[in-house]
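Structure, as structure tokens:
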Amino acid sequence: MPAPDADASVTCVQATESASNIAELLDVMWENARDATAHATAPASTSQLRLMYVVDRQDGIRMRTVGTVLASSPPNVTRMCDRLQAIGFLERVPCPESGREVGLRLTPAGKQHLQQIREQRKTMLHQAISAMPAPERHALAKGLAGLHTQLTIARDEQPRRSAVPAA
């Protein structure tokens, strides 16, 4: 009979593999949701969408902070902002604390675009989860809550990567 630690590690390995597989499947589904809501001027890249999510969570966030959060260089952040501003999804605003810094805010069109993507994703998830038996849904909800807690802790403890690669 294997030691309890061996059983726990096998379960952890299996859970990690399952979570990884689901993350990959969700990536594909999210791309499909983004494409289903896209129009000619919609963001063409996942990076632009990630930038929109960051700005949506922190209205008025500084461009420099966005670069840190996304681990992206200032020129890349500027290019993404230029594209999003050109299609009417993002606006640059002066930072109240510093006239030299620029804050970012989603426009109503940008917020609407994100809402459409989120609704499409929720519909996909709802269809899949509602097809599961009730005990599996309960276990999923409990497991996902625990995973969310641990990922949040790991994210908060992780040192911030530099937005500019070392020379």
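The values are calculated or read from the model by the stated rules, or taken from the named source; none is laboratory data. These numbers were taken from a predicted model, which means no experiment stands behind them. FYI the Cβ positions are ideal-geometry reconstructions off the backbone, even for glycines, and counts take in every protein chain you see. For accessibility, only protein heavy atoms count, side chains too; no ligands or nucleic acids. Shrake-Rupley method; radii C 1.70, N 1.55, O 1.52, S 1.80 Å.
Some observations on this one:
- Cα lying deepest toward the dipole's positive end in the range 73-167, options GLY99, ILE117, GLN158, charges on Cβ: ILE117
- Label-to-label distance, nm, for residues given as TYR53 and GLN115 (7 Å Cα→Cβ offset): 2.0
- Under 5 Å, built H, 5+ apart or other chain: amide partners of ILE61: LEU104
- With all protein chains modelled, accessible area of LEU25 [1.4 Å, Å²]: 100
- Size-normalised alpha-carbon gyration radius of the range 38-130, reference 2.2 N^0.38 Å: 1.15
- Model label sites at GLU91 and THR107, defined 7 Å from Cα along the beta-carbon direction, differ in position by 0.9 nm.
- A Förster radius of 25 Å combined with the Cβ-Cβ distance from ARG100 to SER45 puts the calculated FRET efficiency at roughly 0.30.
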